[in-house]
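The structure appears below as structure tokens.
None of the figures in this text is laboratory data; all of them are computed from the coordinates on show. Because the structure is predicted, anything quoted here is derived from the model rather than measured. Heads up, the Cβs are rebuilt from the backbone with ideal geometry, glycines too, and the neighbour counts pull from every protein chain shown.
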2 protein chains.
Amino acid sequence: MLDYFKIPKKDVVVVQAEKLRRTTEKIFEKCGVSKEEAQLGADVLLYADLKGIETHGVSNLLRSYVDWYNSRRLNPKPKWKVVRESPATATIDGDNGLGLMTVAHAMNIAIAKAEKLGMGAVSIRNSQHCGAVGYFAMMAVEHDMIGWCMTAGGNAMVPTFGSEPKVGTNPISIAVPTNKKPPFIFDAAMTTIAGNKMGLLERIGAPMQPGWVAHDDGSPDMDGGGKFDFFLGNQRMQLPLGSTRDLGSQKGYGLGVAVDVLCGILSNGSGFASLAGERRAHFVAAYKVDAFNDVDEFKTSMDEMLQGLEDTKPAPGYERVLYAGLEEYEEEQKRKSEGIPLHKEVVEWYKGTCEEMKIEFNLI
Amino acid sequence: MLDYFKIPKKDVVVVQAEKLRRTTEKIFEKCGVSKEEAQLGADVLLYADLKGIETHGVSNLLRSYVDWYNSRRLNPKPKWKVVRESPATATIDGDNGLGLMTVAHAMNIAIAKAEKLGMGAVSIRNSQHCGAVGYFAMMAVEHDMIGWCMTAGGNAMVPTFGSEPKVGTNPISIAVPTNKKPPFIFDAAMTTIAGNKMGLLERIGAPMQPGWVAHDDGSPDMDGGGKFDFFLGNQRMQLPLGSTRDLGSQKGYGLGVAVDVLCGILSNGSGFASLAGERRAHFVAAYKVDAFNDVDEFKTSMDEMLQGLEDTKPAPGYERVLYAGLEEYEEEQKRKSEGIPLHKEVVEWYKGTCEEMKIEFNLI
């Protein structure tokens, strides 16, 4: 984790994961979500909190979800359904339910198809925010499959050479099974940083970094230090991964557009307002390793590769070379035993919400 | 195309595409390749030359291919075969043939599976260079499918925080059918620039740009201006897309590793020396649009989205906003009628090679 994402020590309250999970489940239930779905939703959020992905855990997301349930932007009891299907694929209408749950159901369908046919993919429309896409990719890993998950939504990314935000941050996750090493879990927005990191940064008072956003006229801000009102509101323009054309921003932009295609246009056709901020759609795929190769050989080779990457001699100023998912795995081990550090503001929010909803508050 | 990739006017020789195609086919045949396969190989190279992707056309690639056929590094008559198969997937052993041809055959298999089941994917091992991955992704587009192609090989990319090259440039292509607009064709290395661009830059005497390579100790060179011996040889260290950790280089690095997994480890298991420079493997997938949604609605929506991106108000200093594949499409229209501008050195090479191989030279 980069230092500027760390919560200042004086603001940290450590909370046990299981208490946080149960309280989160109860809050979902009070929003009208069934017990089973509430457990699933809390599991997706806790996945992020345990791994140190604060941007996609309870702190940054749960209060929005509660607001959205209250305002009926979110359907607490969605009747999601498969609206089109082929042997290896399906399209789901999410009936405006929270993506945390709907994408998990979609991935179960993809996994079942991959189990039979070698691979499966599902595109999901009329959905809402789905949290950390890595969670759903990891569902496939538990079945010895390579999992993919993408999500499209919002207008945050300014196209290369452009001066208006048109594409979402549109994260991609790819998770791969291993033998002894922690699994490879790539999970990243196609902007230089995830949109939710902005909220986190604001809360902890971190400075804006170079290469993250565009100035009002669209030109990349390569100096940093800007204020947060610089990117909020009408001109919320995050730069694509690559930041400038010379550094390859057309690649982050192009991948972002591809995510919109696979999630939104594939599931929705002309019903999908591809450049409208309110859209939210997802795509999952599962590739069964055994369909391509021997599973044990594959996993052994993965271990070797990941170890080889870790063994790379570090550049000056760095202690070691990581691979995607490694640091989060280590954090997870730590947080499972020591608890999850939350910003005191978040704990206050839980306290107030529990009071309002008449839930027993026992986080601290 | 960035200006520093343009061939200086005094060095340009314009050649008609069909003459270049026929001469290239004959050269492949003289290397021992069958007539049909030679036509396919030339078609893949001409695809790049027509679209202005000089790095992956005849100029940069054909002479290496000829050398490799001569030295038997390449098998001119590979007996490639499907070594493992499931209904929706296959694994191919390429028998060390040139990827230009083998990946096309693999994509045909993926397309046939997608036609039946909604999607298909093929992982290819024991192969060699495959040229522009966009060619193979576009094969699926002709069948109203979304096409993917990736290729893994070489040690060019230095992992984030590392000081040794471990991963390939590992390009990804995603091509998507449209109605009236030129198709969306994303085709990009997961390093800030493609490895082959280095050769091109050297030939045309362009300067090294900031954010492209690492210094000998692994620290990102964010100043540029370096000499070409700086990145050739043992320390050929290209930076992942994102260049530095603060700009998101862990994302280019992670995607690069994922490409190695899908191409190499998936097809080869422990037989795949994942971090060895000499490996070369590929992955293709086809998603049938009709399996997910109405094809006409999908294409109409694609047109709308791409037009919406083009209509983005440009940032100061830019005339217009592009999308992946647009500029290359326009260049293709121009080059089909006006011819392909080659560096005079390349034409000289053709002349010499034709003489040696006893092929009639009629390019100019």
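Rounded, prolate or oblate for the stretch B:79-324? Axes are the square roots of the Cα gyration tensor eigenvalues, ordered a ≥ b ≥ c, and the cut-off for rounded is a/c under 1.5.
Values: a/c = 2.25, a/b = 1.21, b/c = 1.87.
Verdict is oblate for the stretch B:79-324.
Sort B:Leu239, B:Leu309 so that the residue with the fewest other Cβ atoms within 10 Å of its own Cβ comes first and the one with the most comes last. Can you show the working numbers first?
Working: B:Leu239 29, B:Leu309 24.
With the fewest neighbours first, B:Leu239, B:Leu309 line up as B:Leu309, B:Leu239.
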Which far-off residues, 5 or more places away or on another chain, put their amide H under 5 Å from the one on A:His129, with H placed in the peptide plane? A:Gly99
From Cα pairs below 8 angstrom and at least 6 apart in sequence, can you work out the relative contact order of chain A, rounded to a whole percent? 22 percent
To one decimal in nm, how far is A:Lys358 from the same spot in the other copies, if labels go 7 Å from Cα toward Cβ? Please give the shortest first. 9.8
Could you tell me the calculated FRET efficiency between B:Ser34 and A:Glu278, based on Cβ-Cβ distance and R0 = 51 angstrom, to the nearest 0.05? 0.40
Nm distances between the label at B:Gln307 and the same-position labels in the remaining copies, 7 Å along Cα→Cβ, shortest first? 5.7
Cβ density ranking, 10 Å radius, fewest first, applied to A:Phe298, B:Phe161, B:Phe292 yields B:Phe161, A:Phe298, B:Phe292
Shape verdict for the stretch A:39-132, please, from the Cα gyration tensor: rounded (a/c under 1.5), prolate (a/b greater than b/c) or oblate. oblate
At 7 angstrom along the Cα-to-beta-carbon line, where would the label on B:Lys19 sit relative to the other copies? Give the distances in nm, shortest first. 8.1
Calculate one ³J(HN,Hα) per residue across the stretch B:19-28 by plugging θ = phi - 60° into the Karplus curve 6.51 cos²θ - 1.76 cosθ + 1.60, and present them in order as whole Hz with x for glycine and proline. 5, 5, 4, 5, 5, 5, 4, 5, 5, 4
Taking amide H positions as placed 1.01 Å from N in the peptide plane, with prolines and chain starts having none, which residues 5 or more places from A:Val213, or on another chain, fall under 5 Å of its amide H? A:Asp221, A:Leu239
Let me confirm one metric for peptide A:79-88, namely the mean number of other chain beta-carbon atoms within 10 Å of its residues' beta-carbons. 4
What is the mean number of Cβ atoms from other protein chains located within 10 Å of the Cβ atom of each residue in peptide A:184-192, rounded to a whole number? 4
What residues have an amide H closer than 5 Å to that of B:Ile7, excluding those fewer than 5 places away on the same chain, when H is modeled at 1.01 Å from N in the peptide plane? none
Are there chymotrypsin sites (Phe, Trp or Tyr not before Pro) in the stretch A:42-82 that DSSP puts in a loop and that have at most 12 other Cβ atoms within 10 Å, and which ones? none
Chain B to chain A by rotation: the residue of B with the beta carbon nearest the axis and the rounded distance in Å are B:Ala88, 2
If I take R0 = 60 Å and measure r between the Cβ atoms of B:Glu319 and B:Asp67 in this structure, what FRET efficiency does the formula 1/(1 + (r/R0)^6) give, to the nearest 0.05? 0.90
Quote the charge dipole size of the stretch A:79-324 about the Cα centre in Debye, to the nearest 20; the model charges only the Cβ of Lys and Arg (+1) and of Asp and Glu (-1). 540 debye
Any idea how far apart A:Ile364 and B:Lys79 come out in nm if each label point goes 7 Å out from Cα toward Cβ? 7.3 nm
Label A:Glu348 and B:Gln307 with points 7 Å out from Cα along Cα→Cβ: what is the distance between them in nm? 5.0 nm
Count, for each residue of B:129-137, the Cβ atoms from other chains sitting within 10 Å of its Cβ, then give me the mean as a whole number. 0
Estimated FRET transfer efficiency (A:Met357, A:Gln333; beta-carbon r; R0 30 Å; 0.05): 0.40
Ranked A:Thr160, A:Thr91, B:Thr353, criterion: other C-beta atoms within 10 Å, fewest first: B:Thr353, A:Thr91, A:Thr160
